[in-house]
Amino acid sequence: TPVQATRDVPEFPHGFEWGAATAAYQVEGASAARGRSIWDGFCAQPGRVKDGGSGEVACDFYHRYPEDVGLMARLGLSGFRFSLSWPRIQPGGTGAPDPAGLDFYDRLVDSLLGAGIAPLPTLYHFDLPQELEDAGGWLERDTAERFADYTRIALDRLGDRVPRWITLNEPFVHMAYGYAFGVHAPGRALLLDALPAAHHQLLAHARAAAVLRAGGAEALLANNCTPVVPASDSPDDVAAAAAYDNLHNRLFLDPVLLGRPPDLSAYGASVPEFPGEDLAAIEGSADGLGVNYYNPTLVAAPGPGDGLPFALPDYAAHVEGTPVTGFGWPVVPDGLPDLLARLRDRYGAALPPLRITENGCSYPDRPDAGGAFTDRERIAYLDGHLRALAAAIADGADVRGYYTWSLIDNFEWAEGYTQRFGLVHVDFATQRRTPRASFHWYRDWIRAAAR
Ligand code: GBH
């Protein structure tokens with residue numbers, strides 16, 4: 001039973017996609033049945049992931065997907081966002097595909113379609129084949145060409161049933177966490193020398209988009225977007241906020257939507273240039289954008305000795321009354337309409353249709369006496385963000401779908417299994433799935449909104 005009634009559900013456009021999201025390394029498990037990815041090696045290094053966790057088994061989605069598709073059907077989802085594991089399809093990142101890997105995604109797609117759920121696959125969600133990392137990974141231009149080959153293989157197998165694809169997930173997060181700060185795989189702490197990973201991921205997106213479009217499919221790019229808020233109206237804080245906005249948001253959107261990179265002069269001389277021919281390929285290469293929205297980012301001028309032209313003070317400590325999730329992330333539903341308005345102001349007619357491809361929260365469970373997972377905070381989070389989204393759409397934002405992160409608890413990267421984002425609780429010892437109260441709440445919301 002829902003703990004909060006889904007009353008006065010606002011109207012959403014006809015055909016709006018109601019979804020949930022996962023990613024291959026975070027849920028599939030069955031790691032012995034595929035090639036190595038950078039996350040396998042990263043998790044094996046002591047101290048990298050909380051409690052020594054890894055995606056070796058995860059949710060065992062590889063074997064249990066029929067049960068999970070059943071959960072999706074009970075929710076009434078119209079769409080499911082998942083990712084394909086590149087090393088499951090092409091074990092070394094190059095050469096002939098592994099038929100068993102392709103067969104798995106084939107079965108998954110058929111199972112979704114059989115349940116009336118549109119598959120929305122992401123080709124790449126942080127899990128690069130290890131061999132490609134050994135050859136330089138995303139710092140290497142050739143990785144973009146390899147990604148195009150892999151895209152062709154996936155499209156050849158699934159394109160008859162899958163008309164819309166996401167190329168890359170969150171190239172900013174991958175560059176920053178994986179290559180600049182080293183807190184995600186591949187664990188490289190290159191600071192600004194990580195910037196070629198932006199260029200090459202964007203080129204990979206463009207190459208993949210060309211393949212997808214030639215096959216009659218749509219190509220979307222999913223970015224982690226954050227409304228950037230200066231800590232004060234002092235010129236230094238405002239300048240730092242602009243520098244951060246350019247790095248986090250505009251570096252991954254301006255080339256695609258405007259055909260030029262943003263001004264990164266605040267980052268000094270080491271900023272690489274995008275060759276003109278690459279910009280020509282990248283411009284206009286997205287048929288839609290996935291927006292992963294979690295929270296706004298507060299930015300202040302750097303202190304002495306800070307190596308970067310910005311500092312990131314704690315938002316919730318600064319803006320009184322801001323609740324935080326179990327991860328400590330600020331809960332700011334109004335940041336979503338704010339973000340959507342900024343995108344419209346900045347890109348105008350160049351902005352393609354949007355989908356919220358991730359939004360959600362982690363909280364520790366307090367199972368009640370009956371053993372139920374009554375996650376009131378998650379319900380409040382979803383309710384707040386969905387009402388804010390409805391208002392933004394009523395105000396003219398062209399948002400076609402909402403995919404909450406996540407359907408089920410899963411491997412939360414460097415946090416291992418300590419942060420739970422699911423509508424469905426997973427007992428990782430037994431793989432038992434138990435819908436939380438938010439599952440029932442979302443089901444009722446979808447029923448009321450999908451009219
Ligand atoms: C996504 O990344 C990933 O795509 C997904 O795989 C992952 O499981 C999911 O989110 C949940 O983490 O302002 O200091 O509070 C999200 C990237 C980076 C977004 C950190 C929120 C908040 C930092 N996140 N950010 S803070």
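The values are calculated or read from the model by the stated rules, or taken from the named source; none is laboratory data. Source: prediction; values computed, not measured. Here the Cβ is made from the backbone with ideal geometry for all residues, glycine too, and neighbour counts use every protein chain on show.
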- Quick one: V162 ticks every box in (1) surrounded by fewer than 21 Cβ atoms within 10 Å (Cβ to Cβ); (2) of a type in the set (V, I, T); (3) more than 28 Å from D338 (Cβ to Cβ) except a single one, so which number is it? (1)
- Message: Please go through (1) farther than 30 Å from V211 by Cβ; (2) out of contact with any helix residue (DSSP H, G or I) (no Cβ under 8 Å at 6 or more places or on another chain); (3) not hydrophobic (A, V, I, L, M, F, W, C) for P296 and return the number of the only condition it doesn't satisfy.
- Response: (2)
- Item | Residues that are surrounded by 21 or more Cβ atoms within 10 Å (Cβ to Cβ) and either within 25 Å of Y417 (Cα to Cα) or of a type in the set (K, R) (or both), drawn from the stretch 431-451 | R436, S438, F439, W441, Y442
- Query: Given D160, D127, which one is modelled with pLDDT of 95 or more, under 19 Å from the mean Cα position of the chain (by Cα) and in a loop (DSSP other than H, G, I, E, B)?
  - Reply: D127
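Do we have G276 as more than 23 Å from L139 (Cβ to Cβ) and away from the ligand (no atom under 16 Å from the Cβ) here?
The answer is no for G276.
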- From the residues in the stretch 232-274 that are under 22 Å from the mean Cα position of the chain (by Cα) and of a type in the set (D, E), which one is nearest to L168 (Cα to Cα)? D254
- Item | Which numbered condition L120 misses (of (1) among the aliphatic types (A, V, I, L, M); (2) assigned to a strand (DSSP E or B); (3) surrounded by fewer than 19 Cβ atoms within 10 Å (Cβ to Cβ)) | (3)
- Task: Test V183 against the criterion of being closer than 21 Å to I282 by Cβ, surrounded by fewer than 22 Cβ atoms within 10 Å (Cβ to Cβ), within 16 Å of the ligand (Cβ to nearest atom) and touching a residue at least 40 places away in the same chain (Cβ under 8 Å), and give yes or no.
- Result: no
- Any idea which residue in the stretch 224-268 is surrounded by the most Cβ atoms within 10 Å (Cβ to Cβ), counting only those that are of a type in the set (S, T, Y) and within 19 Å of V319 (Cβ to Cβ)? Y244
- Within the stretch 282-304, is there a residue that is acidic (D, E) and assigned to a helix (DSSP H, G or I)? no
- Filtering the stretch 382-418 down to residues that are surrounded by fewer than 22 Cβ atoms within 10 Å (Cβ to Cβ) and within 16 Å of the ligand (Cβ to nearest atom) yields E412, A414, E415, G416, Y417, T418
- Message: Every residue in the stretch 203-236 that is in a strand (DSSP E or B) and closer than 22 Å to H248 by Cα, please.
- Response: A219, L220, L221, A222, N223, N224, V228, V229, P230
- Query: Applying the selection to the stretch 1-39, what residues are within 16 Å of the ligand (Cβ to nearest atom) and of a type in the set (D, E)?
  - Reply: E28
- Query: Just a yes or no: is a residue in the stretch 193-209 surrounded by fewer than 17 Cβ atoms within 10 Å (Cβ to Cβ) and more than 15 Å from the ligand (Cβ to nearest atom)?
  - Reply: yes
- Message: If I ask for residues that are in a helix (DSSP H, G or I) and either within 16 Å of the ligand (Cβ to nearest atom) or over 17 Å from D365 (Cβ atoms) (or both), which ones from the stretch 419-439 would you list?
- Response: S438
- Of the conditions (1) touching a Lys or Arg at 6+ places or on another chain (Cβ under 9 Å); (2) away from the ligand (no atom under 16 Å from the Cβ); (3) assigned to a loop (DSSP other than H, G, I, E, B), the single one that D254 does not satisfy is (3)
- Note on the structure: Within the stretch 330-379, residues of a type in the set (A, V, I, L, M, F, W, C), touching a residue at least 40 places away in the same chain (Cβ under 8 Å), in a loop (DSSP other than H, G, I, E, B) and more than 16 Å from the ligand (Cβ to nearest atom) come out as L351, A372, F373
- Looking at L168, L155, which one is more than 15 Å from the ligand (Cβ to nearest atom), in contact (Cβ under 8 Å) with a residue 24 or more places away in the chain, closer than 27 Å to Y402 by Cα and not in a loop (DSSP other than H, G, I, E, B)? L155
- Note on the structure: Going through the stretch 151-184 in order, the residues found to be closer than 19 Å to T357 by Cα and β-branched (V, I, T) are V162, I166, T167, V173
- Query: Which ones in the stretch 210-227 are away from the ligand (no atom under 16 Å from the Cβ), over 13 Å from I166 (Cβ atoms) and touching a Pro at 6+ places or on another chain (Cβ under 9 Å)?
  - Reply: G216
